[in-house]
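Structure first, commentary second.
The values are calculated or read from the model by the stated rules, or taken from the named source; none is laboratory data. Note that the coordinates shown come from a computational prediction; the quantities given were computed from them, not determined experimentally. A quick note on method: Cβ atoms are made from the backbone with ideal geometry, for glycine too, and the neighbour counts reach across all protein chains shown.
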Amino acid sequence: MNKKTLFTIALLAASFGAFAQTWKMDKAHSKLGFTVTHLLISEVDGNFKDFNVTLAADKEDLSDATVELTASISSVDTDNERRDDHLKSDDWFAATVHPTMTFKSTSIKKVADKKYSLAGNLTMHGVAKPITMDMVVLGVREHPRTKKPMAAIKVTGKLNRIDFGVGSDNTATVGNEVEIKGVGEFTKE
């Protein structure tokens with residue numbers, strides 16, 4: 001093969017993902033939440049009110065999906081203003097220094113019908129680490145009003161907040177393990 005052919009193949013391979021169809025998140029039907037253990041016996045739920053997810057895929061079953069998320073740390077909400085303010089402080093998320101949390105997928109693998117393993121890099125509190133989550137395609141159909149293809153997904157996983165430098169290692173007050181829960185509806189652009 002000559003250099004021109006090799007260059008063309010490399011260029012096509014590098015840009016393959018650039019042609020995937022974009023799916024726009026429906027904010028009214030999407031949620032990004034978390035759960036932590038409190039005082040070793042109960043749980044506290046929270047969510048991020050301001051976030052966006054970009055989904056790109058060509059296949060109808062979303063088996064080739066790429067996922068990117070950005071969430072505003074200052075939008076954290078646990079239904080308790082005092083706790084939310086503390087979470088935004090330097091003791092926890094340090095929202096003024098690290099205003100966003102991001103996730104960018106690196107791979108997706110089908111594990112069963114409509115079930116996938118979604119791997120990617122999560123950046124939170126200025127620390128980037130690889131994580132793997134479970135993703136379920138809840139459904140793909142035509143939107144009844146817009147007649148465009150729509151999809152719904154659910155993502156769940158766990159992480160250790162200490163790995164990201166969030167809060168102190170005091171599991172008697174707040175557990176280190178954080179359950180992640182996200183649900184989203186998307187419409188193909």
Check your understanding: Is region 153-161 home to any residue that is closer than 16 Å to THR37 by Cα, touching a strand residue (DSSP E or B) at 6+ places or on another chain (Cβ under 8 Å), assigned to a strand (DSSP E or B) and among the hydrophobic types (A, V, I, L, M, F, W, C)?
Key -> yes
Review point. Among the residues of region 166-174, is there at least one that is surrounded by 17 or more Cβ atoms within 10 Å (Cβ to Cβ) and either modelled with pLDDT of 95 or more or at positive phi (or both)?
Key: yes
**Study point:** Residues that are out of contact with any helix residue (DSSP H, G or I) (no Cβ under 7 Å at 6 or more places or on another chain), of a type in the set (Asp, Glu) and under 17 Å from ALA65 (Cβ atoms), drawn from region 157-189
**Key:** GLU189
Revision key, fill the gap. If you go through SER63, SER42, the only one that is without any contact (Cβ under 8 Å) to a residue 24 or more places away in the chain and among the small types (Gly, Ala, Ser) is SER42
Review point. What are the pairs, 6+ residues apart or on separate chains, where a residue within region 113-133 that is free of Cβ contacts under 8 Å to residues at least 40 places away in the same chain has its Cβ under 7 Å from a residue that is in a loop (DSSP other than H, G, I, E, B) and surrounded by 16 or more Cβ atoms within 10 Å (Cβ to Cβ)?
Key: GLY126/HIS98
Practice item. Filter region 71-123 for residues that are of a type in the set (S, T, N, Q) and over 20 Å from VAL44 (Cα atoms) and give the result. Key: THR96, THR100, THR102, SER105, THR106, SER107, SER117, ASN121, THR123
